[in-house]
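K.L.:
Here it is, the structure, as C-alpha cells.
The values are calculated or read from the model by the stated rules, or taken from the named source; none is laboratory data. Everything numeric here is computed off the predicted structure, so don't read it as measured data. Cβ coordinates were reconstructed from backbone atoms using ideal geometry, including for glycine residues, and neighbour counts include every protein chain displayed. All accessible areas refer to the heavy atoms of the entire protein, side chains included, with ligands and DNA or RNA removed. Shrake-Rupley method; radii C 1.70, N 1.55, O 1.52, S 1.80 Å.
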Amino acid sequence: MSDDSKEMPRFGLRSFRAKFVLVVGGAVLFDLLLSGGLALWNVQRLSQDAASEVGAGLTEANQDYIRSYAESTASRVDLLLDRVHADVQSLAGVIQGQIDDPDRQAKVGSTLAGQASGSVDVVYDAKGQWAQNLPGAPSVVSVWSYLLGPDHKPLPAVQQEIDNSAVLDLVAPSLMNSGSSKLQMYFIGPKERPIFRTAPYTDQAQTFDRLYPGHNSAEFWEFFFPGIYGSWEQWARDPATRPVPESSITQTAPYTDAITGKLIVSFFHPLWTKDRKGVAGAAGADITLDQLAEIVENVKIAETGFGFLSMPNGNVIAINPKSEATIGLVSSSDKGVDGVTGLERSLHGSTQPAIASLDLKQENDGVIQHVMLQQDGESVPYIVVLKGLKPTNLWSAGPAEKQAMSVGIVVPEGEIYASLVAAQESISKATNRILLYQLLAIIVSLLIVFAAVFGLSKRITAGLSALAAAARRLQNKDYSVRVNIPTKDEVGEVGVAFNRMAEEISYNTENLEQLVDERTRDLEYANVEISSLNEKLRSENVRLGAELDVARQIQMMVLPKDRELAKIPGVEIAAFMRPADEVGGDYYDVLQHAGKLKIGIGDVTGHGLESGVLMLMVQSVARALQETGQGDPLLFLNQLNRAIFKNLERTNSDKHLSLAFLDYEDEHLVLSGQHEEVLVVRAGGSVERIDTIDLGLPIGLEKDISPFVATRNIPFASGDVVVLHTDGVTEAEGARGELFGLDRLCESAVQRRGASAEEIKTGIVEDLMAHIGTRKIHDDITLVVMRHR
C-alpha cells in the first residue's frame, strides 16, 4: 500500500488551495458586502425616511398656513361685502316699508315735495330730451324721455314715483357716512317707471348721454342690466327659484361707472309690490373695485407671494399690477351692444399655459395646486390656492345665477419650502458621514478575514492534495495506490472511501468481461418482450379503430336524411353535425307523426364512444315516444328522462345531456327543455335570443324532472328563421383563442335571413370554419336551421 500523505500542497492559481481561498474569501467578501450593503441601505433608508417625515411635516404645515391665509383673506372680503349688504338691506327696508304702507308713503312723499321741492321738481333738457332736478339737492333724479308727457313733464304716475322716492334723501346720507365706504346709493323704479334717483348729486343724465348713446329711448333695465329684472319677476312668482335662498341681494360683475369712470360693483335689492307678486323697483349701492382690490393687493406671503380676486368665470377683478405679469394676465375692455362696460382680464386668457388651464371648479376650494410658470426662459414651480367666497346672486349678462367669487393665493414653492430644503440638506450631510464610517469598517473587516482564511487554507487542503496525487496515480492504472489521511473530519472520510473505491476498481477490472456478457443477455431478452407487446398493441388498435368506425357509421345512419327534410310542408330545415372524435356526443333529430313536427337538439357531456351510445339511446326513445302519439311537450320530456335515467343507472354511467325540443304546428312553436339559447331571426331582421335555463333540467340527472320542465310559445311567421346549436359552435376558438360566440352567430344568420335554410346553414358553417382556421376542434359541432316558407 503506497502513501501520498507526505506530498506538500501546491499554491498555484489552478490549485485547490487557491480556489479554496478564492471561494471562501469570496463567500466571506459577499457576506460582508451584503451585510455592509444592507447596513448602508438601512442608513440611507432611515435618512430618506427622516427627510420624508420632516418634509411631510413641514410641507403640511406650510400648506396649512397658505390655506389659512387664503381663508382669512376670503373672510375679510366676505366681511366687506356683508357690510355693504347690510347697508343696502337697510335702504331697501325703508323704501319697502313705504311701499307696504301706501298712506304713509303718500304723506311722506307730499311732505318732502312741499319742504324740499328741489328733490322732486325736474327740468326738461331739450338737447338730451330727458328731465332732471337741479343741483343743490341731496340726490339727483333722472327721468327718461319715454316717461315724459307731451308737455315734457313727468307722467302723473312717474311724478308720484319721484315724490315717493324722495325718502332716499332722508336715509342715504346717513348710510353713506356709516358702515363700509360706498360710492353711491340709489333707487331705480320698476320697468314701467324706471326713474333713477342717486345720492349724492351728480350730472347723472349728462354722463349717460356721453357714455351710452341711445339709452334715453330704450327700456332702462334691459339696456343696462339685461336679464336681471326678469330674474326678480321670476322670484316674485316663485320664491323657490331664487339661486341663493337666504338673500335677495343681486351683485353685478365689475363694470365701469358712468359717473366716475372707475370700476365698480353694484348691489341691488329688489323691491316688491305690496302683494309680493311683482317688482316695484330696486334699492342699490355701488362700491369701487379699489375697496376689494385693497384687501387682495395687500396680501404678503413669503417674499414675493401675492393674491388676486376672480369671478366664477375666471375674470380677475383685483390684483396688484406687478403680479399681473407673473401669472400672464392680459387686460381688455369688454362691452356689448347694450349694457355697462366691464374689464376682461381672464385667467383662461393667460399667457402662462399652467394658469390658463387652472381648474377653477368649486370642488377644488382650498386645494393646493402645483403649477409651473415661465420666468426669464425658465420654469419656476408655484403653489396656487383658490378659496371661494360666500355664494351670491350674481348678474353678469342674463338671468342672475348662484355664483361665488374666489380669492387666489400664489406663492413660489422655493420660498415657501425654504426651511424644508435646509432641513433635508442637513440630514443628507449627516447621512454621508455615517456612510463613510461604515465603509471604512467594512474594508478593515475584509483585510482581517482574508488573512485568517489564507492561514487556515494550508491545513484544510493538505488532505485534499494527497487525494489529488493518489487519483492521478489511479488514472495511470496504479490500482495499488492508497492514501493515509490522519484527520477525523470529512476529508478523512473521503480518504477511507477512496481506498475502498480503489479496491473495488481493482476487483471489477479483473471480472469486467464476465459482467458485460451477463448484461448483454439481459438486454436481448428484454428486447424480445418489448417486440411482442408492440405487436399485441398494434392489433388492439386496429380492432378498436374498426369498432369506433362502425359506431360512427351507426350514429350517422340514424340522423334525418335530406330527402326526409325536403318533404316537410311549410318549413325548410337544414342541419350540420361534425363530431370532435370518431364518435360524437351531440344529438339532433327531426320527427314527424300525424302531421306534427318535433325538432330536438342536445349535447351529451364529453364526447367519444360512451357519449355516442347515450345519443343513440335518446334518439331511440324520442322516436318511440313520437310514434306513440305523445303530443304533450312536458310529458314527452319527462317520460324520455325516466327511460334515459334508468339506462344510465343500469350502465353505472355518470353521463347526462342538455336537451330541448321545438314542436311546430299552425305557424307557432312550443319550446321545452334546457339547452343553449335559441335564436329567432324575424323576417324584418330583428333577432330574439331565448334563454332555456328555466325550461328544464339536464336529462339523466334526476329520475323525475317534471317540477322543472316548462314550455314557451314562440310565434313563427313566414320568412322567420330559427337557429338551434350546441356549445361547440359558440365556444369554437379562433387563431388567438377568442370564441366564435353568440354575437357572431347572430350576425351570420341575420346577413343571410332572406336565403333558404340550406344557404343559411352553409353560410354559418363557412363563417365558423373561417374563424377556427387551422386550430383543432375540441368539441362536437351541431347546427340546425329551420325557415318558415
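K.L.:
Looking for whichever is touching a residue at least 60 places away in the same chain (Cβ under 8 Å), in contact with an Asp or Glu (Cβ under 9 Å, 6 or more places away or on another chain) and more than 18 Å from V94 (Cα to Cα) here; the options are A285, A302. Which one fits?
P.N.:
Being touching a residue at least 60 places away in the same chain (Cβ under 8 Å), in contact with an Asp or Glu (Cβ under 9 Å, 6 or more places away or on another chain) and more than 18 Å from V94 (Cα to Cα) holds for just one of A285, A302, which is A302.
Per-residue answers, yes or no, for (1) farther than 18 Å from L671 by Cβ; (2) in contact with a Pro (Cβ under 7 Å, 6 or more places away or on another chain); (3) polar (S, T, N, Q):
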{"residue": "G595", "(1), (2), (3)": "yes, no, no"}
{"residue": "T605", "(1), (2), (3)": "yes, no, yes"}
{"residue": "N641", "(1), (2), (3)": "no, no, yes"}
{"residue": "R650", "(1), (2), (3)": "yes, no, no"}
{"residue": "H656", "(1), (2), (3)": "yes, yes, no"}
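K.L.:
Continuing with this model, one more query. Could you list all residues from region 748-773 that are under 39 Å from the mean Cα position of the chain (by Cα) and assigned to a loop (DSSP other than H, G, I, E, B)?
P.N.:
Selection gives G773 alone.
K.L.:
If you don't mind, there's one more thing I want to ask. Tell me, which helices (runs of 4 or more DSSP H) wholly within region 147-233 include 3 or more residues that are touching a Lys or Arg at 6+ places or on another chain (Cβ under 7 Å) and under 21 Å from K277 (Cα atoms)?
P.N.:
The helices (runs of 4 or more DSSP H) meeting that bar are 156-165.
K.L.:
Filter region 618-661 down to the residues that are among the hydroxyl-bearing types (S, T, Y) and either assigned to a helix (DSSP H, G or I) or under 22 Å from I690 (Cα atoms) (or both), then identify the one that is least open to solvent (accessible area, probe 1.4 Å).
P.N.:
Applying the filter and picking the extreme gives S658.
K.L.:
Can you name the strands (runs of 3 or more DSSP E) wholly within region 262-314 that have at least 1 residues being more than 43 Å from the chain's Cα centre (by Cα) and not acidic (D, E)?
P.N.:
The strands (runs of 3 or more DSSP E) meeting that bar are 263-272, 279-288.
K.L.:
Looking at R736, R753, R682, can you tell me which residue is of a type in the set (D, E, K, R), touching a residue at least 12 places away in the same chain (Cβ under 8 Å), farther than 17 Å from Y588 by Cβ and open to solvent by 50 Å² or more (accessible area, probe 1.4 Å)?
P.N.:
R753
K.L.:
Here's a follow-up. Can you find a residue in region 196-214 that is within 26 Å of S406 (Cβ to Cβ) and either over 44 Å from the mean Cα position of the chain (by Cα) or among the small types (G, A, S) (or both)?
P.N.:
Within region 196-214, not a single residue is within 26 Å of S406 (Cβ to Cβ) and either over 44 Å from the mean Cα position of the chain (by Cα) or among the small types (G, A, S) (or both).
K.L.:
Here's something else I'd like to know. Please list, ordered by first then second residue, the pairs with beta carbon atoms under 6 Å, 6 or more apart or interchain, first in region 342-356 and surrounded by fewer than 19 Cβ atoms within 10 Å (Cβ to Cβ), second of a type in the set (A, V, I, L, M) and at pLDDT 85 or above.
P.N.:
H348/A356
K.L.:
Right, something else. Tell me, which residue of region 164-208 that is at pLDDT 90 or above and among the acidic types (D, E) is least open to solvent (accessible area, probe 1.4 Å)?
P.N.:
D203
K.L.:
Quick check on region 602-617: of everything there that is in a helix (DSSP H, G or I) and in contact (Cβ under 8 Å) with a residue 40 or more places away in the chain, which residue is surrounded by the most Cβ atoms within 10 Å (Cβ to Cβ)?
P.N.:
Filtering first and then ranking leaves M615.
K.L.:
Looking at S247, S231, can you tell me which residue is open to solvent by less than 20 Å² (accessible area, probe 1.4 Å) and of a type outside the set (K, R)?
P.N.:
S231
K.L.:
Can you tell me which residue among T711, T692 is out of contact with any Lys or Arg (no Cβ under 9 Å at 6 or more places or on another chain) and crowded, with 16+ Cβ neighbours inside 10 Å?
P.N.:
Being out of contact with any Lys or Arg (no Cβ under 9 Å at 6 or more places or on another chain) and crowded, with 16+ Cβ neighbours inside 10 Å holds for just one of T711, T692, which is T711.
K.L.:
If only one of Q626, Q619 is in contact with an Asp or Glu (Cβ under 6 Å, 6 or more places away or on another chain) and either closer than 27 Å to P579 by Cβ or at pLDDT 95 or above (or both), which one is it?
P.N.:
From the options Q626, Q619, the qualifying one is Q619.
K.L.:
Taking the condition of being among the charged types (D, E, K, R) and modelled with pLDDT under 85, how many residues in region 249-277 meet it?
P.N.:
Here the count works out to 2.
K.L.:
Need the failing condition index for S718 against (1) within 37 Å of the chain's Cα centre (by Cα); (2) open to solvent by 60 Å² or more (accessible area, probe 1.4 Å), just the number.
P.N.:
Exception for S718: condition (1).
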